[in-house]
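These notes are about the structure you will find just below.
The values are calculated or read from the model by the stated rules, or taken from the named source; none is laboratory data. What you are looking at is a predicted structure, and each value in this text was computed from that prediction instead of being measured. Heads up, the Cβs are rebuilt from the backbone with ideal geometry, glycines too, and the neighbour counts pull from every protein chain shown. Accessible surface areas use protein heavy atoms only, side chains included; no ligands, DNA or RNA. Shrake-Rupley method; radii C 1.70, N 1.55, O 1.52, S 1.80 Å.
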Amino acid sequence: MSKQKLKFYDIKARKAFETDKYEVIEKKTARGPMMFAVATSPYTNIKVYRLLGKKK
């Protein structure tokens, strides 16, 4: 089963990109545990995060 493609935005390069090569992580925030998708930008090779929502 392949992951669905998600859009990410690289702030440093000021460009958006779409990829299915990401990992889902959980981070604790002030609002409770949240799920994030983390991918590596093809433009700058930095990690970019996308908020997926609250942990269910």
- [ ] Just the number, please: carbon plus sulfur as a percent of the accessible area of the chain, 1.4 Å probe, no ligands or DNA/RNA counted.
- [x] 51 percent
- [ ] Output the pairs from Lys28/Lys55; Lys5/Lys47; Lys7/Lys28; Lys27/Lys55 with a Cα-Cα distance over 19 Å in this structure; if there are none, say none.
- [x] Lys7/Lys28
TODO: Would you compute the Debye intensity of the chain from its alpha-carbon atoms alone, equal scatterers and no solvent, and pass along log10 I(q)/I(0) at q = 0.25, 0.30 Å⁻¹ to two decimals?
DONE: -0.98, -1.16
- [ ] First select every other residue whose beta carbon is under 12 angstrom from the beta carbon of Arg31; then total the charges, Lys and Arg +1, Asp and Glu -1.
- [x] +4
Task: Whole-Hz ³J(HN,Hα) from phi, Karplus 6.51 cos²θ - 1.76 cosθ + 1.60, for the stretch 10-26, glycine and proline x - done: 8, 5, 5, 8, 6, 9, 9, 8, 10, 8, 10, 9, 8, 10, 9, 10, 10
Open item on the list: Taking the Cα centre as origin and putting +1 on Lys and Arg beta-carbons and -1 on Asp and Glu beta-carbons, what dipole magnitude results for the chain, to the nearest 20 debye?
Closed with: 240 debye
